[in-house]
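Encoded as structure tokens, the structure appears first; notes follow it.
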Amino acid sequence: MQKTVEMPVSLISKISRAAKAFEELKDELEDFLLSKDPKFLEKMHKAKNAHLAGKTRSLKDLKKELCIE
């Protein structure tokens, strides 16, 4: 019994393009929804203010704190 199915390259290409378009749509929808979420916007506002106030730490220090590398 054969366990594989041969598919035309053109069909695989269409599936690939559809998957890419869906991924792009998902990303845009996620961005749109986040832009309307008051909790997310407040977190981003606080993060921006902390950054502007110099209340940040280096990636190296963060990795050390989280035991990464």
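What do you get for the angle between helix 38-52 and the principal long axis of the chain? Use alpha-carbon atoms, 0 to 90 degrees, nearest ten. Tilt relative to the chain: about 60 degrees. Dividing the summed helix terms, -39500 (n - 2.57) for each DSSP H run of n ≥ 4, by the number of residues in the chain produces a 222 nm estimate of -23500 deg cm²/dmol to the nearest 500.
Taking only protein heavy atoms and a 1.4 Å probe, the accessible area of the chain is 62% carbon and sulfur. Spin-label pair residue 60-residue 5: with each label point 7 Å from Cα along the Cα-Cβ axis, the two points sit 5.4 nm from one another. In the context of the full set of protein chains, the chain has a per residue accessible area of 102 Å² (1.4 Å probe). Dipole check for the chain: with +1 at the C-beta of Lys and Arg, -1 at the C-beta of Asp and Glu, and the Cα centre as origin, the magnitude is about 280 Debye. With the simple model of a label 7 Å out from the Cα in the direction of the Cβ, residue 52 to residue 30 spans 2.8 nm.
The base-10 log of I(q)/I(0) for the stretch 29-69, evaluated at q = 0.13, 0.25, 0.32 Å⁻¹, reads -0.44, -0.80, -0.93 [Debye formula, identical scatterers on Cα atoms, solvent excluded]. Gain on full extension, evaluated as 0.36 nm per residue between residue 13 and residue 39 minus their Cα-Cα distance, stands at 5.4 nm.
Principal axis extents of the Cα atoms in the chain, from largest to smallest and rounded to whole angstrom, are 64, 36, 19.
The values are calculated or read from the model by the stated rules, or taken from the named source; none is laboratory data. Just so you know, these numbers come straight off a predicted model, no measurement behind them. No Cβ is skipped: glycine too gets one built from the backbone with ideal geometry, and neighbour counts run over all protein chains shown. With ligands, DNA and RNA removed, areas are computed over all heavy atoms of the protein, side chains included. Shrake-Rupley method; radii C 1.70, N 1.55, O 1.52, S 1.80 Å.
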